[in-house]
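Right, one structure below, let's go through it.
The values are calculated or read from the model by the stated rules, or taken from the named source; none is laboratory data. A quick note: this is a predicted structure, and the numbers were derived from the prediction, not measured. Note: ideal-geometry Cβ built from the backbone for every residue, glycine included; neighbour counts use all protein chains shown.
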Amino acid sequence: MIETENLTKKFDGLTAVDGVTFRVDEGEVFGFLGPNGAGKTTTVRMLCCLISKTSGTAKIAGYEVGNGADSLKIRKLIGLVPDNVGLYESLTAYDNLDFFGKLYDRTESQRKESIAALLKMLELWEKKDVPVATFSKGMKQKLAIALALVHDPQILFMDEPTANLDPEAAKTVRDFILDLKKQKKTVFLNTHNLDEAQRICDRIAILNTTLRAMGTPEELERSVRGRVTVIQLEKSSDAVLTAVKKLGLGNVSAEGNKLTIDTADPEKENATILDAVFRAGGRIQSVNVVGSTLEDAYLKLVREREKL
Amino acid sequence: MNLKHSWIIALKDIKVFIRKRTVLYTVILLPLLLSVLFPLVIEFGGKSTGGITGPEIPALLHSFEWFFVIIPAIIPAPIASYSIVGEKLEKSLERLLVTPTTDGEILLGKSVAAFIPAIIASYAGASIYMALIDGVTHGKLGYFYYPNWDMGVILFLLAPLALLLSIELNIITSSRVSDVRTAGQLGSLTFLPLIGVYLASEIGLITLDTNTLLIIAGVVAVLDVALFRVSTSVFQREQILTKWK
């Protein structure tokens, strides 16, 4: 549905997006993670034919991004929820939706039907004739999503759709994205909310100007490191640290009375580690096996870039 | 170009601006005030010295008429400012730009949205002015002064051209400023050269007869074409999203 190869964007010599290659399949919720300024919005703007690419290729449903004739066809296929709601505050919710429906050449009956369905689904039907200026942030965000869907697009680009929303409104939006997935819509989700990405995305790409990693949330978690064994000692000592290091397992670090050891297979390795700790005179208070998280993966990958 | 798209955008903008009372009052009040003020001047001016006499009236009316070129240059400014800078402020431009409309369709829609209310207000003001003037001068002149050719050239040629000039200037200034008031003020500067023409006629440097009016219309038309090229080069998706303030 969405394909890019070496997609690059430079602004006056400054590289915002550098050689990004990925593919998003139909019906997939694809998360685009990255810190502020990583190039997420720039990538979305290129894919939505709002700004030109400097080099590389991108295709949306087979149409080529950057080809003048294909741009209008692409825009008909996609919906965009920008990072700001972008509503006409003095108009009513219905008028906002009707305006965009008209621009997508929807007939009056199609518009009426889709507007009613969207407003009811997002629990805004009762407020359809109320000026948007009186809406809460959550209501505005829900209306912003409805605007992007009024023409029934195949692909939906969402730029930070839950930013600045209270937890309840954010949950409504997330549930709505999952509903879209059930309807086989392709969703491209820009976010820096790791929890959100983990909960609703089939696959995630981590971007920081260049694409740092891509995979399912589980694959990304595993890509950073396996698991770690955390041993809480009664009292730390150099002898214990040396004994564990001598085992030649993963990375070993000590912080206060806590010993952390990278372990590929803790079920097998922990017996050896604990034996070494005992032999070196260590007294153990607790042992925990902790898996790496998406946050670990994200921070590691993003920081690697920053160090470059 | 899909003119239907431009019309949809224009209607939406008109709907938005009608709800902005300050903009609405600016558009209505100026032509209305002048259309009443000028006949009052003719009726009550110079009362202490016996009033304005019949032979003095045509010269006075001639200078008043020029204001119906100046008015259309001033009143589209607040509408055009709201239409573009307002949309920038509400951050709705990105959403509009992602629809299957061309830059030209959006630009035309925005221009039509500023043009229609401004030309209606100008023509309404001019109609009131002409009716009142005919009412107060018929007794002294012995004939109806309006309509005449000069007013025809002003209303149907110069006024729309001056209005277009103002809209184009607004579009250009809108790309460089980030608040509605500044855009409106800069955009309405179109009236300054027109004031210059008025002053030149008042001190006798030029005579605003039909021929001169046609020449001025030609000059404004050339400026319209030049500014149209600049405004279309400024109003491009990528520039709006990445370069506009």
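What the table shows:
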| item | result |
| --- | --- |
| 2 or more residues crowded, with 16+ Cβ neighbours inside 10 Å: qualifying strands (runs of 3 or more DSSP E) within the stretch A:238-308 | A:252-255, A:258-263 |
| Given (1) touching a Leu at 6+ places or on another chain (Cβ under 7 Å); (2) at negative phi; (3) among the aliphatic types (A, V, I, L, M), number of the condition A:L80 does not satisfy | (1) |
| Residue match in the stretch A:54-68 (condition: in a helix (DSSP H, G or I) and small (G, A, S)) | yes |
| Among (1) surrounded by 21 or more Cβ atoms within 10 Å (Cβ to Cβ); (2) assigned by TED's automatic domain parsing to the domain that holds A:D25; (3) not in a helix (DSSP H, G or I) - the single one A:K184 does not satisfy | (1) |
| Residue within the stretch A:112-129 that is in a loop (DSSP other than H, G, I, E, B), at pLDDT below 95 and among the hydrophobic types (A, V, I, L, M, F, W, C) present | yes |
| Residue list for the stretch B:2-36, restricted to those being more than 12 Å from every other protein chain (Cβ to nearest Cβ), loosely packed, with under 13 Cβ neighbours inside 10 Å and not hydroxyl-bearing (S, T, Y) | B:L3, B:L33 |
| Output for the stretch A:96-111, where each listed residue is assigned to a loop (DSSP other than H, G, I, E, B) and either closer than 17 Å to B:A10 by Cα or away from chain B (no Cβ under 14 Å) (or both) | A:Y104, A:D105 |
| Test: residue in the stretch A:178-186 that is under 30 Å from A:F11 (Cβ atoms) and in contact with a strand residue (DSSP E or B) (Cβ under 6 Å, 6 or more places away or on another chain) | yes |
| Where A:T162 falls short, out of the listed (1) in a helix (DSSP H, G or I); (2) surrounded by 18 or more Cβ atoms within 10 Å (Cβ to Cβ); (3) more than 14 Å from chain B (Cβ to nearest Cβ) | (1) |
| Given (1) touching a residue at least 12 places away in the same chain (Cβ under 8 Å); (2) assigned to a helix (DSSP H, G or I), number of the condition B:K4 does not satisfy | (1) |
| Residue in the stretch A:22-38 that is within 14 Å of chain B (Cβ to nearest Cβ), surrounded by 14 or more Cβ atoms within 10 Å (Cβ to Cβ) and assigned to a strand (DSSP E or B) present | no |
| Total residues in the stretch A:71-95, condition at the interface with another protein chain (Cβ under 9 Å from one of its Cβ atoms) and more than 28 Å from the chain's Cα centre (by Cα) | 4 |
| Set A:K171, A:K142: member being over 21 Å from A:A205 (Cβ atoms), buried (at least 23 other Cβ atoms within 10 Å of the Cβ) and under 19 Å from the mean Cα position of the chain (by Cα) | A:K142 |
